[in-house]
Amino acid sequence: MSDATHSPQHLQRMSAVLDGIALLCKVVTGIALVVLTVIFGWLVFGRYVLNATPTWVEQVALLLVMLIAFLGAAVGVHEHTHLSVSIVRSSVPKRVRSALVLVSDVAMAGFGGLMLWYGWQLTVFKWGSLIPLIQVPEGLRSLPLTVGGGLILLFSLGHLVRLFLGVDDRTDSIE
């Protein structure tokens, strides 16, 4: 935070926790991307060299892509790099940005809350059946949606807290 010396201690802790969660998400998505690359290498090797296609790779890849997409989107919200968060407010005059920042954060919090709620319902509903070929619960397909939604909600609420307390440090928000 740019105003870290002037902000209350609890805001600094909140920011540190949210930054830590975002860093953890980056590490998890980075590892998932490496695993995805390795298993697709195995798929190609198995298909063309061994003439025995490992069928489980496609199912695992779908799970990894979901994880990468939803955790990556949540990090994008936290770091203000998600396209849907900043493009509109960055393209309007400065006097309109304040209102758009608030509307954007509220909309993202609502969207994250809906993702969390409906993702959780879908995860619970599908948990009892298994994904073919890899025999893990089908609910794992929607779990990244649930976690990503919860993180988008959490990160958006963090932005709103900073905004209402006057310590919003986003360079594209209120200049």
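Some points to look at:
- Distance in nm between pseudo-label sites at E58 and S98 (7 Å out along the Cβ direction from Cα): 5.5
- Among F45, F70, F111, residue whose mean-square fluctuation peaks in a GNM of the chain (springs only between Cα atoms under 10 Å): F45
- Against the rule of thumb 2.2 N^0.38 Å, how large the Cα Rg of the chain comes out: 1.26
- Once the Cα-Cα distance is subtracted from the 0.36 nm per residue extended length, the S90 to V124 segment shows a gain of 8.4 nm.
- The stretch 55-146: GluC sites (Glu not before Pro) in DSSP loop, at most 15 other beta carbons within 10 Å: E79
- Scattering curve values for the stretch 43-130, log₁₀ I(q)/I(0), Debye with Cα scatterers, q = 0.19, 0.20, 0.21, 0.23 Å⁻¹: -0.95, -0.99, -1.04, -1.14
- Under 5 Å, built H, 5+ apart or other chain: amide partners of L130: E138
- Nearest-ten-degree value, helix 9-48 long axis tilted from longest Cα axis of the chain: 20
None of the figures in this text is laboratory data; all of them are computed from the coordinates on show. Computed from a predicted structure; not experimentally measured. So basically every Cβ, Gly included, is an ideal-geometry build from the backbone, and we count neighbours across all protein chains shown.
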